[in-house]
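Step one of this worksheet: look at the structure below.
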Amino acid sequence: MNLDVKKIINLHKIDTRLQEIHDEKGGLPDIINNQIEKVDELKNKIHDSEEEIKLLNKDKSACTLSIEDFNSNLDKHNKMMDKVKNNKEYDALLLEIDHLKKENNELQSKVDNINSSLDNLSTSNEEVNKEIDLLSEKINQNESELKEKSVEFSIEEKLLEKDKKKVMSEIGDSLFLDKYKEDNESLVAAVYNGSCGSCFNSLPAQSLQDTKNGKLITCPSCSIYLYFDKDSQ
Ligand SMILES: [Zn+2]
């Protein structure tokens, strides 16, 4: 195996790992921010729903008062029934009683509707609160994971950077190095599952075999340098 090839592969593996660390660290803060946003959204939902509950309860007490009034009103009308003097008065009173009863039925059904709305709101609030608890727990986990990772990664990153410097100083091909420094992502890739790790076109059997024998080949489709890394298969 040509020494420079081995070093180029080594260099690319170091950079791939550095990129992985960057991605992993970069991912968690985004995830945490999204989760915090979601919790705020859910808390607003609870707040709105509590306001609605207040209004409904106000409505409900008003209805309940009216229903109490109805009962004493009905009593009054029933007593008047005893004192009617003719059919005309009787009919008029009956009509009034009917009207009162109808009004009362409407109030009762309004109270029923309010009660079922209140039930629905309280069920949905319970669910939302559960969701908030779950998310808050996840946020805590992610935050402590991020903290741990930052410590763990900062050590690994320092070691990788040190290795990278060393490997680069040992690569003799300055033309390659110049290009690599410019853009390390589109110059070298590892073979993945029999295909180019960059353009994902399948490789001819002979090229694949060459990479397995430790050679650095260029991809027939996208011309990137390819090597075989048995750890990343
Ligand atoms: Zn390719």
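The values are calculated or read from the model by the stated rules, or taken from the named source; none is laboratory data. The shown structure was predicted, so the numbers you read here are calculated from the model rather than taken from an experiment. Glycine gets a Cβ as well: all are built from the backbone with ideal geometry, and neighbour counts include every protein chain shown.
Structural remarks
- Residue within the range 158-171 that is of a type in the set (Val, Ile, Thr) and surrounded by fewer than 16 Cβ atoms within 10 Å (Cβ to Cβ) present: no
- Within the range 186-213, considering residues that are closer than 23 Å to Lys165 by Cα and in contact with a helix residue (DSSP H, G or I) (Cβ under 8 Å, 6 or more places away or on another chain), the one surrounded by the fewest Cβ atoms within 10 Å (Cβ to Cβ): Leu187
- Ala189 passes every criterion in (1) near the ligand (Cβ under 10 Å from one of its atoms); (2) outside any loop (DSSP other than H, G, I, E, B); (3) more than 18 Å from Lys7 (Cβ to Cβ); (4) not hydroxyl-bearing (Ser, Thr, Tyr) apart from (3).
- Flag if Asn105 is within 30 Å of Asn44 (Cβ to Cβ) and in a helix (DSSP H, G or I): no
- When Lys158, Lys85 are screened for being in a loop (DSSP other than H, G, I, E, B), farther than 30 Å from Ser61 by Cβ, free of Cβ contacts under 8 Å to residues at least 12 places away in the same chain and not polar (S, T, N, Q), only Lys85 passes.
- Test: residue in the range 207-214 that is over 28 Å from Glu24 (Cβ atoms), of a type outside the set (A, V, I, L, M) and in contact with a Ser or Thr (Cβ under 8 Å, 6 or more places away or on another chain): no
- Count of residues meeting criterion [of a type in the set (A, V, I, L, M, F, W, C), assigned to a loop (DSSP other than H, G, I, E, B) and either under 19 Å from Ile8 (Cα atoms) or more than 16 Å from the ligand (Cβ to nearest atom) (or both)] in the range 193-233: 6
- Leu94 surrounded by 13 or more Cβ atoms within 10 Å (Cβ to Cβ) and more than 30 Å from Pro29 (Cβ to Cβ): yes
- Single residue of Ser144, Ser124 found to be assigned to a helix (DSSP H, G or I) and without any contact (Cβ under 8 Å) to a residue 40 or more places away in the chain: Ser144
- Qualifying residue in the range 92-103 (condition: β-branched (Val, Ile, Thr), in the same structural domain as Glu50 (by TED's automatic domain parsing) and free of Cβ contacts under 8 Å to residues at least 60 places away in the same chain): yes
- Qualifying residue in the range 59-81 (condition: surrounded by 14 or more Cβ atoms within 10 Å (Cβ to Cβ), of a type in the set (S, T, N, Q), at negative phi and assigned by TED's automatic domain parsing to the domain that holds Glu37): yes
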